[in-house]
Each structure stands twice: as structure tokens, then as C-alpha cells.
Amino acid sequence: MSLTGPKLNMSEPEWRTRVDLAALYRLVNHYGWSDLFGTHISARIPDQPDTFLLNPYGYLFEEITASNLVKVDEDGNELDQSENGINPAGFTIHSAVHSAKSDINFVIHTHTAAGTGVSVQRDGILPLTQHSLVVIAQTGYHDYEGIATDLDERERLARDLGDNRVLVLRNHGLLTVGATAGEAFMWMYRAERACRMQLAHQQAGVPVTEVPLDVQQITIERNRFNNSDKGFRTIGKVEWPGLLRQMDRIDPSYST
């Protein structure tokens, strides 16, 4: 990873968080999940827990760097200078999680065709594949309330997320969270894949081979264990260094 140390008179923890968050923006763009300026990713600053970082509005995800991210507090005050400010809906959604969930440090929100396509379905993510069973075990649902500029919605967003790592925003898109950048990314990767596979089956218009209920439950429980700290593949822990290497090969400017 191209990490050159603290910049702009900030602490080492803040700079490291900025680099990880900028990498997340570039990865989301690389995997085709961005929506120009319509979505957002945030990160809590470890040594300033009442503040978090968001993208400056008007920058494409491929333009995000560690140094141009905007620091805000839980009241929405911008602590960094940015030409166009931040997305108000982004502040509402991300502050809802950061203020209510002290164990969550990274939040990703997307409007992909697959994620939004499943979010409009009454039954949401269906237990059709191994991929979907992994995600279902960690998924909550939040009803659409219009563009998220009403700060009162924050309480309901946090409630509907609960202890899950994935939140389907009905008629809107997907949201994933994690203690680390790698965890938040891998939950979005898995949720996005599950949604794409579901739509692929539905578009085929053929009968489904149903997974028996007992096998569904076994698979869900195994994945809960496997993805935990006691399991063999703590989510994001192994993947994140590889993802950073991928970004370094593509364009290391994210870390500037």
C-alpha cells in the first residue's frame, strides 16, 4: 500500500483511515457500483470518534484521494474546507450509523442495478444460492421514506440495521457496514453478487430448485461462524490487503 505517513498536520490514525476510505471509493468505482455523485462511503476517525469522513460533493469516485475527503462531526458541521460541501442525504444516512453504532467504522451505500432491482422486490433477497444464504444471515430492511434529508429518519435507519452488516433500503439500494474497510467492502461485494444472481435466475424464467429449510439454516449458521473471529475466514481480514494491492496496481493516487 502506498502509505507515506500523516499529511496536512493530522494524526497517523486519521491519515490511515483516509487512505483506506479513499481506496474504498476507488474499489467501488472499479467494480462498477458508483452512481456518479449519488452515493457515498464514510469512515469514523479512530482518535476522534465523534467525527467521520465523507466525499466532497461533485467529485467522481475515481477522483477521491485521502487528502480531499471531508471531515464532519455528528451535527453535520464540516471541519474541512470543500468547494461544494457534502451530500445532505449522505450525511443523514451515514451519521445515523456512526452515531448509533460505536463498533461500526465504515459504511458503504450504493444504487446499483442489481441491488436496487432486488430492493424493490417484496421478499427482498431470496434463499436461492449459497451466496444469498451468506448475506441473508446478516441482512435487515428499511422502508423507503423519500430522499434521506429528514434527520428524524436516522433513528429508524439505525433500528432497522440492528446488529446486521447489510441493510436493504427498500426501493433505493444497499447499505453495508463494518468495523474495518475490508469488512464493509466484502459485505457489499457479497450482497451485490447475491442480488445479481437472483436477478439472473428471475430473468431466465425457469423453475427454481429450492434449498430445503434445514439446509438453509445449517448454511446460515456455518457462515455466521466461519465469518466470525473464531472462524477460518474473518470477513475482510484476508481480502483487504489484496484489494489494496489491486488498487496500487491500477492507480495508487488514492493514497495521496
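Some observations on this one:
- Within the range 35-62, tally of residues that are touching a residue at least 60 places away in the same chain (Cβ under 8 Å), open to solvent by 10 Å² or more (accessible area, probe 1.4 Å) and in a loop (DSSP other than H, G, I, E, B): 2
- The residues in the range 26-55 that are farther than 23 Å from ALA100 by Cα and of a type outside the set (S, T, N, Q) can be counted, and the count is 11.
- Residue in the range 157-165 that is modelled with pLDDT of 95 or more, open to solvent by less than 10 Å² (accessible area, probe 1.4 Å) and among the polar types (S, T, N, Q) present: no
- Number of the exception - THR65 against (1) modelled with pLDDT of 95 or more; (2) not in a loop (DSSP other than H, G, I, E, B): (2)
- In the range 169-213, the residue that is farthest from PRO241 (Cα to Cα) out of those that are charged (D, E, K, R) and in a loop (DSSP other than H, G, I, E, B) is GLU210.
- Annotation note: Cβ proximity below 9 Å between a residue of the range 167-192 that is of a type in the set (S, T, N, Q) and a residue that is open to solvent by less than 30 Å² (accessible area, probe 1.4 Å) and part of a strand (DSSP E or B) (sequence gap 6+ or interchain) occurs for THR176/PHE106; THR176/VAL107; THR176/ILE108; THR176/HIS109; THR176/THR110; THR176/VAL166; THR176/LEU167; THR180/PHE106.
- Looking only at residues in the range 228-240 that are in contact (Cβ under 8 Å) with a residue 40 or more places away in the chain and not hydrophobic (A, V, I, L, M, F, W, C), the one that is surrounded by the most Cβ atoms within 10 Å (Cβ to Cβ) is GLY236.
- Qualifying position, being β-branched (Val, Ile, Thr) and in contact with a strand residue (DSSP E or B) (Cβ under 8 Å, 6 or more places away or on another chain), among VAL238, VAL166: VAL166
- Selection of helices (runs of 4 or more DSSP H) fully inside the range 72-168 by the criterion of at least 3 residues being basic (Lys, Arg) returns 153-161.
- Among the candidates ARG154, ARG193, the residue that is within 22 Å of ALA100 (Cα to Cα) and either out of contact with any Ser or Thr (no Cβ under 7 Å at 6 or more places or on another chain) or surrounded by 13 or more Cβ atoms within 10 Å (Cβ to Cβ) (or both) is uniquely ARG154.
- Residues of the range 67-99 that are open to solvent by 50 Å² or more (accessible area, probe 1.4 Å) and without any contact (Cβ under 8 Å) to a residue 60 or more places away in the chain: GLU74, ASP75, ASN77, GLU78, LEU79, GLN81, GLU83, ASN84, SER99.
- On inspection, GLU192 fails the criterion of being acidic (Asp, Glu) and either over 30 Å from VAL206 (Cα atoms) or at pLDDT below 95 (or both).
The values are calculated or read from the model by the stated rules, or taken from the named source; none is laboratory data. Computed from a predicted structure; not experimentally measured. No Cβ is skipped: glycine too gets one built from the backbone with ideal geometry, and neighbour counts run over all protein chains shown. Calculation scope for accessible area: heavy atoms of the full protein, side chains included, ligands and nucleic acids excluded. Shrake-Rupley method; radii C 1.70, N 1.55, O 1.52, S 1.80 Å.
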